[in-house]
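I have placed the structure first, in the form of structure tokens, so that the comments after it can refer back to it.
The values are calculated or read from the model by the stated rules, or taken from the named source; none is laboratory data. It should be emphasised that the depicted structure is a prediction, and the values quoted were computed from it without experimental measurement. Please note: Cβ atoms are built from the backbone with ideal geometry, for glycine as well, and neighbour counts cover all protein chains shown.
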Amino acid sequence: MGVENDTSVKAVILFDGVCNLCNASVNFVIDRDPGGHFVFSSLQSEAARPLLQRHRLAQNALDSIILIETDRAYTHSTAALRIARRLKGPWPLLYAFIVVPRPVRDAVYRVIARNRYRWFGKSETCRVPTPALRRRFL
């Protein structure tokens with residue numbers, strides 16, 4: 001499925017497919033996105049390459065979640081906060097942190113990203129969605 005040709009796709013989340021924290025975050029978003037606003041792809045996948053190129057993002061940049069929304073790419077804490085504001089439950093309240101200067105937010109984000117494998121572990125392979133969730137993955 002090509003995102004550029006599918007008008008039903010509203011937002012794409014690109015994530016590190018071997019990171020346990022990232023995979024848990026994808027599950028978290030799926031559980032709180034019953035309307036299917038988000039679709040997903042691992043940063044290591046073939047589907048991610050043209051999206052990364054189009055937005056002039058490094059092909060090997062695995063240190064950030066990337067949100068592509070209305071043909072604009074967001075990274076680090078801005079991506080996380082923009083995702084949170086679309087979720088069901090109290091999570092949109094986190095978007096209030098957008099007023100914190102981005103360098104401060106991103107510094108906290110980078111500490112977590114830098115230590116994510118040590119703290120949460122790493123898988124040998126990228127996530128493979130269940131048949132029921134396959135339509136949510138590029």
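A few comments on the model shown:
- Close Cβ contacts (under 8 Å, 6 or more residues apart or on different chains) running from residues in region 73-86 that are over 18 Å from Ala58 (Cα atoms) and in contact (Cβ under 8 Å) with a residue 24 or more places away in the chain to residues that are part of a helix (DSSP H, G or I) and not polar (S, T, N, Q) comprise Ala80/Tyr109; Leu81/Leu94; Leu81/Tyr95; Leu81/Phe97; Leu81/Ile98; Leu81/Arg105; Ile83/Val29; Arg86/Pro92.
Here's the yes/no breakdown for (1) surrounded by 15 or more Cβ atoms within 10 Å (Cβ to Cβ); (2) closer than 27 Å to Tyr117 by Cβ; (3) touching a helix residue (DSSP H, G or I) at 6+ places or on another chain (Cβ under 9 Å):
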{"position": "Asp31", "(1), (2), (3)": "no, yes, no"}
{"position": "Gly36", "(1), (2), (3)": "no, no, yes"}
{"position": "Leu52", "(1), (2), (3)": "yes, yes, no"}
{"position": "Leu57", "(1), (2), (3)": "yes, yes, yes"}
{"position": "Leu67", "(1), (2), (3)": "yes, yes, yes"}
{"position": "Ala73", "(1), (2), (3)": "yes, yes, yes"}
{"position": "Arg85", "(1), (2), (3)": "no, no, yes"}
{"position": "Lys88", "(1), (2), (3)": "no, no, yes"}
{"position": "Trp91", "(1), (2), (3)": "yes, yes, yes"}
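- Among the candidates Leu43, Leu21, Leu62, residue that is under 24 Å from Trp119 (Cα atoms) and in contact with a helix residue (DSSP H, G or I) (Cβ under 6 Å, 6 or more places away or on another chain): Leu21
- Total residues in region 44-71 satisfying the condition of being part of a loop (DSSP other than H, G, I, E, B) and more than 9 Å from the chain's Cα centre (by Cα): the figure is 15.
- Residues within region 113-127 that are assigned to a loop (DSSP other than H, G, I, E, B), at pLDDT below 85 and surrounded by 10 or more Cβ atoms within 10 Å (Cβ to Cβ), tallied: 3
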